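One structure below.
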Amino acid sequence: MTLLRAIPFSLNVLWRLAIVFPFMLIAIFVFGFIATIFVIIMSFISPLVAGVMIIAFAVGASVLPVIVGARLGLQAKQSSMRNSYFGLMLPAIGYGIFEAFCVLLIIGAGVGIYLFATPLTLEELTRLTDMEPELVFAQLASVNPVITLSILWVGSVLIIGLRAALLMPLAGASIGMDPSGRPHTPFFGFGSEFGSLLIVVAISYILSTFTVPIALTVSYLAGFGDAITDELAQLEARPSVGTLELIGWETWAFVGLCLLFYIWAFSLQSAGGVLAYMNQAEEFSDQQNAFDMSMDAHLETMSASKPVEKQVQSEDVMELIRSRMQQKNR
């Protein structure tokens, strides 16, 4: 089952992705710089749309780590590559824009349904963008908790499902090749093994959302959680360069754990996409082998029947010659 195999295989992707992560951050920074320009321009037109675009571009930027992780996972599976690392940038941007557009549609539909089902106006909803996320949720829930929770739940499932459906196409794009061996076809395998990959992506999103609490829990279990709390309190009380000298290895270990869990979240998605890709590649290989065997059997049958056909043709020719000789003799 893909779900059970994805977790251990994600560890195989994790250490590879951790090595190239600094270079990937540079590419994400460039993507974020371009997105920031669009958000600033849109903020003058509509702050609400600008806020939605921030969420959409954040989702789109998360495609790059997944597609790089998928390439590393397929390399671990000894798959051949049809493109270079530079060559996967274009499909990463393309799939990222597609996913960002779909996220915009999902969020826009949710906002439209909320405005239709509640007395809140668009102007009042726009003012909420200046609040903290916790306050925004509390305000929306106070208007109509059922509608708020329903839209949030359905929207989250749709966004998670969209990423799950894209995992196998992202794996194919990462090496520029479909499971059948042909050059990558956009969206080939969209929705493959959707059920298992939906759970994988949900676990990944939960892990990335609660990275800090999980890392802090691990730190306490390791025995240096109190030191981290004290050092972070000192840093918050005196946020200066000199205070950084007071921070010990415990806090740096905590930061490393947070980064490790964050990368692992992407590794889970990459591992799921790779396994789905390899499963379909095996299916294509089995179909090809079955076709080759059937063709071999057919050719053997044809070659075995040829001597019989030749013998029958020879007997017919001899019979025709005899009949003509008999006519001449008459």
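Readers should treat all values here as calculations from the given coordinates under stated rules, not as data from a laboratory. Just so you know, these numbers come straight off a predicted model, no measurement behind them. Cβ: placed from backbone, ideal geometry, glycine included. Neighbour counts: every protein chain shown.
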Between region 47-123 and region 160-202, what is the C-alpha centre distance in whole Å?
-> 14 Å
Cα-Cα P(r), region 1-118, percent of pairs per 5 Å interval | 2, 10, 16, 18, 16, 14, 10, 7, 5, 2, 0
Report the calculated FRET efficiency for E134 and E300 (r = Cβ-Cβ distance, R0 = 41 Å), to the nearest 0.05.
-> 0.05
Under the Karplus curve 6.51 cos²θ - 1.76 cosθ + 1.60, θ = phi - 60°, whole-Hz ³J(HN,Hα) for region 107-119, x wherever Gly or Pro sits | 5, x, 5, x, 5, x, 5, 5, 5, 6, 8, 10, x
So if R0 is 56 Å, what FRET efficiency would I19 and V154 give, r being the distance between their Cβ atoms, rounded to the nearest 0.05?
-> 0.90
In nanometres, the difference between 0.36 nm per residue of separation and the alpha-carbon distance of E236 and I37 is 68.5 nm
Ordered by residue, what ³J(HN,Hα) values in Hz, to whole numbers, does region 193-208 give under the Karplus form 6.51 cos²θ - 1.76 cosθ + 1.60, where θ = phi - 60° and Gly and Pro are x?
-> 6, 4, x, 5, 5, 4, 5, 4, 5, 4, 4, 4, 5, 5, 5, 5
Surrounding charge for Q75, neighbours by C-beta under 14 angstrom, Lys/Arg +1, Asp/Glu -1, total +4
So for region 73-161, taking the charge dipole from beta-carbon charges (+1 Lys/Arg, -1 Asp/Glu), which of I107, S156, L74 sits furthest toward the positive end?
-> L74
